[in-house]
Amino acid sequence: MEVIIQESAQAASLLAASFFSRLIRRKADAVLGLATGRTPLLLYAELARLHREEGLDFSRVTAFNLDEYLSLGPGHPASYARFMKEKLFDHINISPGQTFIPNGLAENIPEECARYEKMIRDKGGIDLQVLGLGVNGHIGFNEPSSSLASRTRIKTLSRSTIRANADDFGGEDKVPRHVLTMGVGTVLDSRRCLVLAFGSSKAEAVAGMIEGPVTAGLPASALQLHPSVVVILDRPAAARLKATEYYEWVYSHKPEWQS
Ligand code: F6R
């Protein structure tokens with residue numbers, strides 16, 4: 001894993017955006033894996049700016065989102081389909097037919113999950129998957145105890161995730177209990193993963209993900225098995241890491257050709 005520590009979430013997000021812009025400039029029909037939540041907001045704002053001011057062209061890009069709440073359609077204000085439209089898709093020139101998210105309204109859930117996996121495969125797989133991190137170490141909505149080989153499926157949210165997302169729904173009791181999410185195995189199939197984590201509430205999960213044992217108890221730790229993961233943190237999120245000095249040493253010696 002490449003661990004990069006920045007002085008602020010803003011600086012981290014600008015750096016994250018540069019990974020996307022370089023990819024899209026090199027490969028116009030790139031397949032992106034996208035996340036929702038608070039963490040990627042500054043990244044999406046910067047991608048919108050790069051499109052608006054520097055002509056970053058998303059017209060041939062495809063995007064797959066990690067997850068969606070069960071029973072919420074794109075019209076629901078707290079659905080992730082709505083989130084993506086408002087925070088990113090409305091501000092770039094991606095074709096609406098090329099943006100995909102699991103269908104929370106699907107009647108046959110196993111069939112919907114298999115269809116989603118197949119669509120990702122048919123597009124040639126995900127080039128760059130951005131990931132936020134749950135305080136409990138989840139990626140996507142793969143809560144602790146998720147199989148590290150799991151594929152897109154229905155999951156039950158943990159109490160800690162329900163609590164973390166309660167504001168989006170106006171109270172814990174209103175948060176759906178179930179979601180459709182790409183599995184850990186689906187995420188591991190991406191060609192590159194870019195994990196973002198900001199703030200002290202993520203510090204413990206960050207330390208487990210990078211320096212702890214690989215365990216279903218902290219699903220993000222499975223990323224240690226992936227050959228190309230970049231983790232971009234702000235200082236508070238990096239606070240519990242043991243080898244910070246080494247990560248900073250490596251980053252300051254990074255050869256130009258490696259970026
Ligand atoms: C969102 C997702 C989740 C979030 C995580 C962190 O699509 O899959 O794993 O990335 O819950 O959420 P925030 O960014 O709100 O702290």
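Read the figures in this text as sums done on the coordinates, not as results from a lab. For clarity, every value in this text was computed on a predicted model and none was experimentally measured. Using ideal geometry, Cβ is built from the backbone for each residue, glycine included, and neighbour counts are taken over all protein chains shown.
Between residue 2 and residue 38, what FRET efficiency follows from the Cβ-Cβ distance if R0 is 25 Å, with the result rounded to 0.05?
So, using R0 = 25 Å, E works out to roughly 0.60.
State, as an integer percentage, the relative contact order of region 12-132 based on alpha-carbon contacts under 8 Å between residues 6 or more apart.
After rounding, I find 33 percent.
Tell me, what is the FRET efficiency for residue 248 and residue 105 to the nearest 0.05, using R0 = 35 angstrom and their Cβ-Cβ distance as r?
0.15
Please give the contour-minus-distance gain from residue 59 to residue 224: 0.36 nm per residue of separation, less the Cα-Cα distance, rounded to one decimal in nm.
56.1 nm
Once label points are set 7 Å from the Cα along Cα→Cβ at both residue 200 and residue 90, what is their separation, rounded to one decimal in nm?
Result for the modelled spin labels: 3.5 nm.
Would you mind calculating the gained length between residue 25 and residue 52 on full extension (0.36 nm times residue separation, minus the Cα-Cα distance), in nm to one decimal?
8.2 nm
With the convex hull built on the Cα atoms of region 131-259, state its orientation-averaged projected area in nm².
Approximately 8.2 nm², given one-decimal rounding.
Let me check the size of region 117-165 from its C-alpha atoms; what are the radius of gyration and Dmax in Å?
Taking only Cα atoms of region 117-165, I get Rg and Dmax of 12.6, 36 Å.
When you count, for each residue, the other Cβ atoms within 10 Å and take the mean per peptide, how do 249-255, 80-86 rank with the highest first?
80-86, 249-255
In Å and whole numbers, how far do the C-alpha atoms of region 102-183 stretch along each principal axis, longest first?
Largest to smallest, the principal-axis extents are 39, 28, 21 Å.
In percent, how large is the relative contact order of region 108-259, given Cα pairs closer than 8 Å and 6 or more residues apart?
In percent, rounded to a whole number, it is 26.
Calculate the length of the line joining the C-alpha centroid of region 56-98 to that of region 191-225, in whole Å.
Measuring centre to centre over Cα atoms gives 25 Å.
Counting only DSSP beta bridges with both residues in the chain, tell me the antiparallel percent, nearest 5.
Percentage antiparallel, nearest 5: 30.
Across the Cα atoms of region 64-131, what radius of gyration and what greatest pairwise Cα-Cα distance (Dmax) are found, in Å?
In order Rg, Dmax, the Cα atoms of region 64-131 give 12.2, 33 Å.
Starting from the coordinates of the alpha-carbon atoms of the chain, obtain the Kirkwood hydrodynamic radius over all distinct pairs and give the value in Å to one decimal.
18.4
Which three numbers, in whole Å and largest first, are the semi-axes of the equivalent ellipsoid of region 1-98 derived from its Cα gyration tensor as √(5λ)?
For region 1-98, the ellipsoid semi-axes come out as 22, 18, 12 Å.
Taking H placed 1.01 Å from N in the peptide plane, check which residues at least 5 places from residue 100 or on another chain put their amide H under 5 Å from its amide H.
63, 64, 65
Given the DSSP H assignment, sum -39500 (n - 2.57) over each helix run of at least 4 residues in the chain and divide by its residue total; what's the result at 222 nm in deg cm²/dmol, nearest 500?
Per the formula, -9500 deg cm²/dmol.
Using modelled amide H (1.01 Å from N, peptide plane; none on Pro or chain starts), what sits under 5 Å from the amide H of residue 178, excluding residues fewer than 5 places away?
Here 70, 157 satisfy the definition.
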